[in-house]
Amino acid sequence: MLPRDTIDTTVLPPVERFGMWLDLVARTSAPLRIQSAHSDDFAARADFIALGPIQLVQYEYPSLDATRTRKLVRQSDPEFYILALTTGGIGTSSQDGRRSEILAGEFTFYDGSRPHDVCHHATEPERAKATSIITLIPHAALPLPPQRMAALYGGRMSGSEGIGALLAQFLLQVTGHPEQYHAADASRLGAVGLDLATTMLGRHLVAEDAVPTEVRRRALLTQVQSYIHRHLGDATLGPQVVADAHHISVRSLHRLFEAEDTTVASYIRELRLARCRRDLTDPALRNQPVQTVAARWGFSDKAHFSRAFRAAYGTTPQEHRDSRSDLARIVNRRASTVNSLPAD
């Protein structure tokens, strides 16, 4: 599981919760002046996940008005950018004279080394919370021209289309399911997140050429792989379909996978076979015919599926299903025998 540090004010009595939150904010590398209409009972939570070059923070609170003044900047300069995805509620972001209203599903971007104002409120304060996912990116880690970044401060960017949607899905997945990853995955996940953030910011700068070539390649590869995962059940899924969906040539798509030591077709086939292998041993799907399982993951031809499965795993789909069922019966029979023995 990815290491995660959590601050939860509800462990304290209501009258002490806002003070706990103020202490937390004061100890961060970019302290803020905080106000809230719910200071008498500030039920809030913050989850911190370090991912190599970046850090993710998932916030939940009833309402918040925050200001980073020039004095606070002089006292502590963290030298990082803040890319914030609003996931619930409505907010405003203001920096360098630019002010934007941020809705759920949208990003805003600002520099922690400059004064800024951020407001975030739940749309239904009595029943809901304002929620967000913050990505902290060190200045030195973002491979974009620093002198051009000011054009994005205080602005808003979509998290529901293109690279923005993919970055939003990535952030929601990692913060929502840290138990699905190993601690050793942190640096690689951080690199993926940084590539996606860099590409999204570069496109909003209308400076695609400013994004390093390898970063663009990795971000596009992540986008393509995510598309393939979502469309595995489509029997027509193949290199041409994938290329068309991303407005690139098939030749460019093949070049994209060269560094991955596989081809597009092999990548699709291996994922499909892995899904079938998993479902064939799922007790809940035991009564579904093998071909139904295969068709669910894009194998429309029974003979082709059987040959591909045997080539990959050295056994037929039915033999694989039967062997796992036999193993389960043996385990269950032994458990029943042990449980039936009289206690000492």
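Report the far tail of the P(r) of region 40-140, meaning the percent of Cα-Cα pairs longer than 17 Å.
Everything past 17 Å amounts to 53 percent.
With a cap of 14 neighbouring Cβ atoms within 10 Å, and only residues DSSP puts in a loop, list the GluC sites (Glu not before Pro) found in region 202-269.
Counting only loop positions with at most 14 other Cβ atoms within 10 Å, the GluC sites (Glu not before Pro) in region 202-269 are E260.
Rank-order 232-240, 84-92, 282-290 by packing density, defined as the average count of other C-beta atoms within 10 Å over each peptide's residues, highest first.
84-92, 232-240, 282-290
Show me the three semi-axes of the equivalent ellipsoid for region 191-252, from the C-alpha gyration tensor (sqrt of 5 times each eigenvalue), largest first, rounded to whole Å.
24, 13, 9
Using Cα centres only, tell me the gap between region 267-285 and region 124-158 in whole Å.
Answer, in whole Å: 38.
How would region 286-327 be classified by its alpha-carbon gyration tensor: rounded, prolate or oblate, with rounded meaning a/c under 1.5 and the a/b versus b/c comparison settling the rest?
Oblate, since a/c reaches 1.5 and b/c is not below a/b.
How far is helix 162-176 tilted off the main Cα axis of the chain, in degrees rounded to 10, range 0 to 90?
Helix 162-176 sits roughly 80 degrees off the main axis of the chain.
By how many degrees, 0 to 90 and rounded to 10, does the Cα axis of helix 264-280 deviate from the longest principal axis of the chain?
Computed tilt is about 70 degrees.
Tell me, what % of the accessible area of the chain is carbon and sulfur with a 1.4 angstrom probe?
Carbon and sulfur together cover 51 percent of it.
First measure r as the distance between the Cβ atoms of L72 and A37, then evaluate 1/(1 + (r/R0)^6) with R0 = 25 Å and state the FRET efficiency to the nearest 0.05.
Result of the calculation: an efficiency of 0.70.
Per DSSP helix of 4 or more residues, -39500 (n - 2.57); summed, then divided by the residues of the chain. What does that give at 222 nm, rounded to the nearest 500?
-13500 deg cm²/dmol
Mind running the shape call on region 1-91? Use the C-alpha gyration tensor, a ≥ b ≥ c as the square roots of the eigenvalues: rounded below 1.5 for a/c, prolate if a/b tops b/c, oblate otherwise.
Oblate is the answer for region 1-91, as a/c is 1.5 or above yet b/c matches or exceeds a/b.
Whole number in Å², please: accessible area per residue of the chain, 1.4 Å probe, ligands, DNA and RNA not counted.
52 Å²
With contacts defined as alpha carbon pairs under 8 Å and 6 or more residues apart, what's the relative contact order of the chain in percent?
13 percent
By how many nm would the segment from L205 to T263 lengthen if fully extended, with 0.36 nm per residue of separation less the alpha-carbon distance?
Net length gain for the segment: 17.6 nm.
Determine the gain in length on full extension of the stretch D5-S113; use 0.36 nm per residue of separation and subtract their C-alpha separation, reporting nm with one decimal.
36.5 nm
If R0 is 51 Å, what FRET efficiency do you get for M20 and T281 from their C-beta distance, rounded to 0.05?
Once the sixth-power term is evaluated, E becomes 0.60.
According to the square roots a ≥ b ≥ c of the eigenvalues of the Cα gyration tensor, what is the shape class of region 156-285, taking rounded for a/c under 1.5, prolate for a/b larger than b/c otherwise, and oblate for the remainder?
oblate
Quick one: angle between helix 317-340 and the longest Cα principal axis of the chain, in degrees between 0 and 90, rounded to 10, please.
The angle comes out near 80 degrees.
The values are calculated or read from the model by the stated rules, or taken from the named source; none is laboratory data. Because the structure is predicted, anything quoted here is derived from the model rather than measured. Note that each Cβ is placed from the backbone with ideal geometry, even for glycine, and that neighbours are counted across all protein chains shown. The accessibility values were calculated without ligands, DNA or RNA, using every heavy atom of the protein model including side chains. Shrake-Rupley method; radii C 1.70, N 1.55, O 1.52, S 1.80 Å.
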